[in-house]
């Protein structure tokens, strides 16, 4: 069984989330590869839920 811990995002998480999002879409077709910037914009607008 997978053991998960849910918690609020911490400042130290931001770079990792940016990198993971960028890598997740790196080889995806039908994208302009800006998803990691979209995540940051949502965070700055206080509209991000992860």
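Couple of notes before you dig in:
- Complete set of residues in segment 1-41 that are in a loop (DSSP other than H, G, I, E, B), surrounded by 11 or more Cβ atoms within 10 Å (Cβ to Cβ) and without any contact (Cβ under 8 Å) to a residue 40 or more places away in the chain: 25, 26, 33, 34
- So residue 47, is it without any contact (Cβ under 8 Å) to a residue 40 or more places away in the chain, in contact with a helix residue (DSSP H, G or I) (Cβ under 9 Å, 6 or more places away or on another chain) and assigned to a loop (DSSP other than H, G, I, E, B): yes
Values in this text are rule-based calculations from the coordinates and carry no lab data. On a predicted model such as this, the values are computed, not experimentally measured, just so you know. Please note: Cβ atoms are built from the backbone with ideal geometry, for glycine as well, and neighbour counts cover all protein chains shown.
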